[in-house]
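The values are calculated or read from the model by the stated rules, or taken from the named source; none is laboratory data. A quick note: this is a predicted structure, and the numbers were derived from the prediction, not measured. So basically every Cβ, Gly included, is an ideal-geometry build from the backbone, and we count neighbours across all protein chains shown.
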Amino acid sequence: MINRIDHIGIAVRSLAEAVKYYEQALGLKCEHIEEVPSQKVRTAFFDVGGTHLELLEPTAPDSPIAGFIDKRGEGIHHVAFATDEIMAQLGQARGAGVKLINESPVSGAAGKQVAFLHPKFTFGVLTEFCAPGQSH
Ligand code: CO
């Protein structure tokens, strides 16, 4: 079951400049910055009433985020739904004919397990499922 929107992922060229915008223009506070090697990104998180913004800066030219920015520019990259049963959610999506990017969860930021659905099958919105990680 999907519990809520966990976060919205936003692709940016410069994390430093984007963090400055969210802090200075919107008055939000950056919670933490973390590099996620598996996704070749550096991320910055903002808590907005329990839903988070996840800013994503590419750390390599072959980062998926670099490809996204080249093709579509900066902006909303994905929507992440929180679920306690990530494999069940993937199974439900697969059963409904959706192509999966991740057949099983991979390690994301903040120790979470994450998996993505292919945007060609989700009306253009890259869709993430995320669940709390096993380790603490
Ligand atoms: Co995400």
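Applying the selection to segment 83-120, what residues are among the basic types (Lys, Arg) and in contact with a strand residue (DSSP E or B) (Cβ under 9 Å, 6 or more places away or on another chain)?
ARG94, LYS99, LYS112 - these are the residues of segment 83-120 that are among the basic types (Lys, Arg) and in contact with a strand residue (DSSP E or B) (Cβ under 9 Å, 6 or more places away or on another chain).
Looking only at residues in segment 8-61 that are in a helix (DSSP H, G or I) and charged (D, E, K, R), which one is surrounded by the most Cβ atoms within 10 Å (Cβ to Cβ)?
GLU23
Any residue at all in segment 124-132 that's assigned to a strand (DSSP E or B), within 12 Å of the ligand (Cβ to nearest atom), more than 15 Å from ILE8 (Cβ to Cβ) and of a type in the set (S, T, N, Q)?
Checked segment 124-132: no residue is assigned to a strand (DSSP E or B), within 12 Å of the ligand (Cβ to nearest atom), more than 15 Å from ILE8 (Cβ to Cβ) and of a type in the set (S, T, N, Q).
Just to be sure, is GLY73 within 27 Å of LEU15 (Cα to Cα), exposed (fewer than 13 other Cβ atoms within 10 Å of the Cβ) and not aromatic (Phe, Trp, Tyr)?
Here the answer is yes, as GLY73 does meet what is asked.
Within segment 2-12, does at least one residue satisfy the condition of being within 15 Å of the ligand (Cβ to nearest atom), within 18 Å of GLU128 (Cβ to Cβ) and touching a Gly at 6+ places or on another chain (Cβ under 6 Å)?
no
The conditions are (1) among the aliphatic types (A, V, I, L, M); (2) within 18 Å of GLY75 (Cα to Cα); (3) in a strand (DSSP E or B); (4) in contact with a Leu (Cβ under 9 Å, 6 or more places away or on another chain), and ILE5 fails exactly one of them. Which is it?
Of everything listed in (1) among the aliphatic types (A, V, I, L, M); (2) within 18 Å of GLY75 (Cα to Cα); (3) in a strand (DSSP E or B); (4) in contact with a Leu (Cβ under 9 Å, 6 or more places away or on another chain), ILE5 misses just condition (4).
For ALA82, all conditions in the list (1) modelled with pLDDT of 95 or more; (2) more than 14 Å from the chain's Cα centre (by Cα) hold save one; what is the number of the exception?
Evaluating ALA82 over (1) modelled with pLDDT of 95 or more; (2) more than 14 Å from the chain's Cα centre (by Cα) leaves (2) as the failure.
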